[in-house]
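*Asks:* I'd like to ask some things about the structure below.
The values are calculated or read from the model by the stated rules, or taken from the named source; none is laboratory data. This structure is a prediction, so every number in the text was calculated from the model and none was measured. Ideal geometry is used to build each Cβ from the backbone, glycine not excepted, and the neighbour counts take in all protein chains shown. Ligands, DNA and RNA are excluded from the accessible area calculation, which covers all protein heavy atoms including side chains. Shrake-Rupley method; radii C 1.70, N 1.55, O 1.52, S 1.80 Å.
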Amino acid sequence: MKIALLGDGKMGKTIEWLAEERGHEIIFRLTEASEKYDLQKADVAID
């Protein structure tokens, strides 16, 4: 599954670790430095 993370805090890092451990791919991580983004390639976005 392709995942977009909308946040890079403690919860986002935990979700990233669990997702990658289970074979999912983080395709986008929204941070304060992110300017443009396209979520159409993601299967799910987690805020």
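*Asks:* Could you give the nm distance between label points at LYS41 and LYS10, where each point is 7 Å from its Cα heading toward the beta carbon?
*Replies:* Here the modelled spin labels are 3.2 nm apart.
*Asks:* For ARG29, what residues show an amide H to amide H distance below 5 Å, using hydrogens built from the backbone and excluding near sequence neighbours?
*Replies:* Those qualifying (amide H under 5 Å, at least 5 residues apart or on another chain) are LEU5.
*Asks:* Suppose we flag trypsin sites (Lys or Arg not before Pro) only when DSSP calls them loop and at most 13 other Cβ atoms lie within 10 Å. Which is the longest uninterrupted stretch of the chain?
*Replies:* Counting at most 13 other Cβ atoms within 10 Å as exposed, the longest clean stretch of the chain is 1-21.
*Asks:* Across the chain, where is the longest run that never hits GluC sites (Glu not before Pro) in a DSSP loop with at most 12 other C-beta atoms within 10 Å?
*Replies:* No qualifying site falls inside 1-31, the longest such stretch.
*Asks:* Here's something else I'd like to know. Carbon and sulfur together cover what percent of the accessible area of the chain at a 1.4 Å probe radius?
*Replies:* Whole-percent figure for carbon plus sulfur exposure: 50.
*Asks:* Moving to a separate point now. If you work out log10 I(q)/I(0) by the Debye sum over Cα atoms at q = 0.19, 0.24, 0.25, 0.28 Å⁻¹ from the coordinates, which of (1) -0.62, -0.95, -1.02, -1.20; (2) -0.88, -1.02, -1.04, -1.13; (3) -0.53, -0.82, -0.89, -1.07 do you get?
*Replies:* (3)
*Asks:* Where does each of LEU39, LEU5 land when they are ordered by accessible area, with a 1.4 Å probe and the largest first?
*Replies:* LEU39, LEU5
*Asks:* Can you check what the net charge comes to around ASP43, using other residues whose Cβ is under 13 Å from the Cβ of ASP43 (Lys, Arg +1; Asp, Glu -1)?
*Replies:* Its environment carries a net charge of +1.
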